[in-house]
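Down below is the structure, laid out as structure tokens.
The values are calculated or read from the model by the stated rules, or taken from the named source; none is laboratory data. Quick caveat: nothing in here was measured; it's all calculated off a predicted structure. Cβ coordinates were reconstructed from backbone atoms using ideal geometry, including for glycine residues, and neighbour counts include every protein chain displayed. The area values use the complete protein model at the heavy-atom level, side chains included, leaving out ligands, DNA and RNA. Shrake-Rupley method; radii C 1.70, N 1.55, O 1.52, S 1.80 Å.
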Amino acid sequence: MLDKTRKKVVIAEDETTLNEIYVEILEDLGHEAVGFEDGATALDYILKNEVDFVVSDLKMPIMDGLTLLKELRKRHPSHPPVLIITGYFNPQIRKDALEFGVVDLISKPFDFEKISEYLDR
Ligand SMILES: [Mg+2]
């Protein structure tokens with residue numbers, strides 16, 4: 001039987017250790033997670049696979065988190081929700097990102113329970 005609470009999550013995070021931790025925690029929470037270290041490879045994967053949710057770092061080489069969302073909006077009208085995490089948090093960046101259509105922009109370090117809340121919606 002299909003488990004609707006199990007989500008397919010794409011992680012885009014350029015810090016390898018963090019990326020691995022995110023994937024591991026999401027899998028521990030019962031989700032399927034796949035990690036990429038820049039926005040461009042994450043985008044390519046999301047366009048070719050069924051993905052329920054995207055957790056993306058803001059600052060990454062090649063393609064940052066907001067550009068990833070921008071490209072998704074252009075190329076994938078029913079794209080999965082994108083949550084952005086950043087170490088460079090400020091309220092203005094969050095405001096701009098929310099207006100741009102992210103689910104939320106939260107600062108590192110963050111609580112995975114918060115991500116779970118978004119995934120359960
Ligand atoms: Mg980064």
Selection from region 72-109 of residues surrounded by 14 or more Cβ atoms within 10 Å (Cβ to Cβ) and over 14 Å from the mean Cα position of the chain (by Cα) yields 89, 93, 94, 100
Those residues of region 37-62 which are within 16 Å of the ligand (Cβ to nearest atom) and open to solvent by 30 Å² or more (accessible area, probe 1.4 Å) amount to 37, 40, 41, 59, 61, 62
Only unsatisfied item for residue 23, checking (1) in contact with a strand residue (DSSP E or B) (Cβ under 6 Å, 6 or more places away or on another chain); (2) in contact (Cβ under 8 Å) with a residue 24 or more places away in the chain; (3) buried (at least 17 other Cβ atoms within 10 Å of the Cβ), is (2)
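Quickly run through region 6-30 and pick out the residues that are farther than 15 Å from residue 80 by Cα and more than 16 Å from the ligand (Cβ to nearest atom). I'd like the intermediate steps shown before the answer.
Initially, region 6-30 is screened for residues farther than 15 Å from residue 80 by Cα, giving 13-30.
The answer is 24, 25, 26, 27, 28, 29, 30.
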For region 65-92, pairs from a residue that is within 16 Å of the ligand (Cβ to nearest atom) to a residue that is charged (D, E, K, R) and part of a strand (DSSP E or B), with Cβ under 8 Å and 6 or more apart or across chains, are 65/57; 83/104; 84/57; 84/104; 85/57; 86/57
